[in-house]
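Peer 1: Encoded as structure tokens, here's the structure I'll be asking about.
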Amino acid sequence: MDDLTTEQRNAASLHLDSMSALEIVRLMNQEDARVAPAVGREAERIAQAIDWIAEAFRQGGRLVYQGAGTSGRLGVLDASECPPTFSTPPEMVVGLIAGGPTALTRAVEGAEDHPELAVKDLQQIDFSPSDVLVGIATSGRTPYVLGGLDYARTLGAKTIGLTCNAATDLHGRAQLVIAPVVGPEVLSGSTRLKAGTATKMVLNMLSTGAMVRIGKTYGNLMVDLRATNTKLRQRSVRIVREVTGLRAEAAQQLLERCQGEVKVAIVAHLAEVSPEEADALLQRADGHLRAALALARGDRGGAMERRGDD
């Protein structure tokens, strides 16, 4: 452990216990400023991971996060936010944490030390070669994560490692390693700080980037959200209004005719077709709203040409 960057003492915080609250805040803010550049240096590897994940989704595969402690919790968090944000089924993005659900709120001692438990967890969700595994281990040496990656590779699945240290055991176990090295923590070894922030940033990019690539957005609008509460229902109306120019009441009525499906509503209005026809266009376009609208324009143009030939 002594050779890990995340376990080193931070020279700027050697007298942390003697600092005022304001000094602590300024120091932590100063250290946090190192996180984004560290993540930025991993841009090409993150992009490669996004392409792998998006391709897996297109083929019916899943994104599976596996980690222990803070790393595991962040994976579960990212997975749990995909269904309401992108209207994905819960099994499309899965978060596994050493120790199971109990470990989300309370430490399960020793759970991360058993690689065989990772294999068991993956087998329980029927992990397959069509899935992508992201093993999250800040230290780069967590046995639970390494065991999961080893098992996934025996199946022929794509494996991605996420760590905040350089040259770790993880580097030899995953096909692709994303390693934003953020330096020693303000509180030595407390990787829920900068390392946790870097991990969250990378996971945001992986899931969001892959969802964008498979057509879950239109521009920067969340057009495939699942309106499961008042806030999201209001957002659905706002998005439809933004794209179509309709007033609130008309947008609401359009959504009701389209069973609350934002993309269907937008295509139905802009292409001047029924909800059923809009849904068919989206299916032909593999769910990409922009492509569905282009198909509608092409179909309309073709129909006009045929009428002109009559």
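The values are calculated or read from the model by the stated rules, or taken from the named source; none is laboratory data. Worth saying up front: this structure is predicted, and the values here are computed from it rather than measured. Ideal geometry is used to build each Cβ from the backbone, glycine not excepted, and the neighbour counts take in all protein chains shown.
Peer 1: Among (1) modelled with pLDDT of 95 or more; (2) surrounded by fewer than 22 Cβ atoms within 10 Å (Cβ to Cβ), where does VAL145 come up short?
Peer 2: (2) is the only condition that VAL145 fails.
Peer 1: Still on this structure: How many of the residues in segment 108-131 are at pLDDT below 95 and assigned to a loop (DSSP other than H, G, I, E, B)?
Peer 2: Of the residues in segment 108-131, 4 are at pLDDT below 95 and assigned to a loop (DSSP other than H, G, I, E, B).
Peer 1: Which is buried (at least 21 other Cβ atoms within 10 Å of the Cβ) and of a type in the set (D, E, K, R), of LYS194, LYS231, LYS200?
Peer 2: The unique qualifying residue is LYS194.
Peer 1: Which of the residues spanning segment 168-180 are surrounded by 19 or more Cβ atoms within 10 Å (Cβ to Cβ) and in a loop (DSSP other than H, G, I, E, B)?
Peer 2: Once the filter is applied, which keeps residues that are surrounded by 19 or more Cβ atoms within 10 Å (Cβ to Cβ) and in a loop (DSSP other than H, G, I, E, B), segment 168-180 yields THR168, ARG173, ALA174, ALA179, PRO180.
Peer 1: Can I ask one more? Within segment 203-211, is even one residue without any contact (Cβ under 8 Å) to a residue 60 or more places away in the chain and within 30 Å of ILE24 (Cα to Cα)?
Peer 2: no
Peer 1: With respect to ASN165, is the statement that it is surrounded by fewer than 17 Cβ atoms within 10 Å (Cβ to Cβ) and of a type outside the set (Ser, Thr, Tyr) true?
Peer 2: Spelling it out, it is not the case that ASN165 is surrounded by fewer than 17 Cβ atoms within 10 Å (Cβ to Cβ) and of a type outside the set (Ser, Thr, Tyr).
Peer 1: While we're looking at this one, here's another question. Considering ASP121, ASP131, ASP113, ASP126, which residue is touching a residue at least 60 places away in the same chain (Cβ under 8 Å) and of a type in the set (Asp, Glu)?
Peer 2: The match here is ASP131.
Peer 1: Taking the options GLY40, GLY69, name whichever one is out of contact with any strand residue (DSSP E or B) (no Cβ under 6 Å at 6 or more places or on another chain), surrounded by fewer than 21 Cβ atoms within 10 Å (Cβ to Cβ) and either without any contact (Cβ under 8 Å) to a residue 40 or more places away in the chain or assigned by TED's automatic domain parsing to the domain that holds PRO143 (or both).
Peer 2: None of the other options fit; the residue is GLY40.
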